[in-house]
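Before any comments, here is the structure.
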Amino acid sequence: MTNSIDQHDVRRLLDEESAQLVEVLPHQEYEQEHIAGAINLPLKELTPDSVGVLDRSRPVVVYCHDFL
Amino acid sequence: MSPRAACRLESLGFSAVYDYAAGKTDWTGSGLPTEGTHADVPRAGHLARETATCELTERVATARKRAGRGGVCVVTGAGGIVLGILSGKALEHDGDSTAEDVMAAGPTTIRYDEFLPDLVERMQKGGVGSIVVTRPSGQLVGVMQRGDAEELLAELHRAHHEHHAGADPEPADEPGVPPT
């Protein structure tokens, strides 16, 4: 079951657990604006190969626009 | 989208996966750091000024004193959540009235991350001189004056054209306006 977290938790994970921030929106939206430090792995491109850029020993925080 | 991404990552063997459900909108609406081509476009929150506030049960006389020459007092609840606004005739009310009695409830507000160019155009069309700025939670950031925004955009426009005057027949995108 996925852990849903809020802004406070995001900042704590980034500061204290070296979490990796991943924006899963398309490239163009990522290029326009993304959370500082986030990398881009669009949902459509999440494959065993593409996720190789992530460190499996560190938490991963994914986000898109909002709840909708 | 992000819940599906989180599920996919878990299926790919990742064990510590979290979904920031409120997403980018929540982050930018809170004025937190971003990167990208739009990151430097001026926002409403950048120009929001601190404003007088009062609680529902406080007297209009108190609100009037706090508003001073600014002429506006925002009524807030727990956590600074915007509930109403006192301005103009409302601030002239009998001193025994409470803020709740005379406030304009549920005022129009805008988010911290509203782009200025679009916002100024809407305010000009609506004849709106100032507007309350909030975070996604509804927490008060401050009040933005349209005049401040117009001045900033004019300054950016001047700087952009001075920089490109005579140097480039097709100047780059104007600062302060999101690239298309």
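The values are calculated or read from the model by the stated rules, or taken from the named source; none is laboratory data. Keep in mind that what you see is a predicted model, and the values were worked out from it rather than measured. Please note: Cβ atoms are built from the backbone with ideal geometry, for glycine as well, and neighbour counts cover all protein chains shown. These accessible areas exclude ligands, DNA and RNA; they are computed on the full protein's heavy atoms, side chains included. Shrake-Rupley method; radii C 1.70, N 1.55, O 1.52, S 1.80 Å.
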Looking only at the stretch B:28-48, decide whether some residue is in a strand (DSSP E or B), touching a residue at least 40 places away in the same chain (Cβ under 8 Å), in contact with a strand residue (DSSP E or B) (Cβ under 7 Å, 6 or more places away or on another chain) and surrounded by 17 or more Cβ atoms within 10 Å (Cβ to Cβ). yes
Return only the number of the condition from (1) within 7 Å of chain A (Cβ to nearest Cβ); (2) outside any loop (DSSP other than H, G, I, E, B); (3) of a type outside the set (F, W, Y); (4) surrounded by fewer than 22 Cβ atoms within 10 Å (Cβ to Cβ) that B:T53 does not satisfy. (1)
Would you tally the residues in the stretch A:1-42 being under 14 Å from B:A6 (Cβ atoms) and in contact with a Ser or Thr (Cβ under 8 Å, 6 or more places away or on another chain)? 2
Any residue in the stretch B:57-65 that is within 13 Å of chain A (Cβ to nearest Cβ) and surrounded by fewer than 17 Cβ atoms within 10 Å (Cβ to Cβ)? no
Which ones in the stretch A:7-34 are in a loop (DSSP other than H, G, I, E, B), more than 20 Å from B:A39 (Cα to Cα) and open to solvent by less than 40 Å² (accessible area, probe 1.4 Å)? A:A19
Output the residue which, of all residues in the stretch A:35-62 that are in a helix (DSSP H, G or I) and not charged (D, E, K, R), is surrounded by the most Cβ atoms within 10 Å (Cβ to Cβ). A:V51
How about the stretch B:2-27: which of its residues are in contact with a Ser or Thr (Cβ under 6 Å, 6 or more places away or on another chain) and either in a loop (DSSP other than H, G, I, E, B) or touching a residue at least 24 places away in the same chain (Cβ under 8 Å) (or both)? B:A21
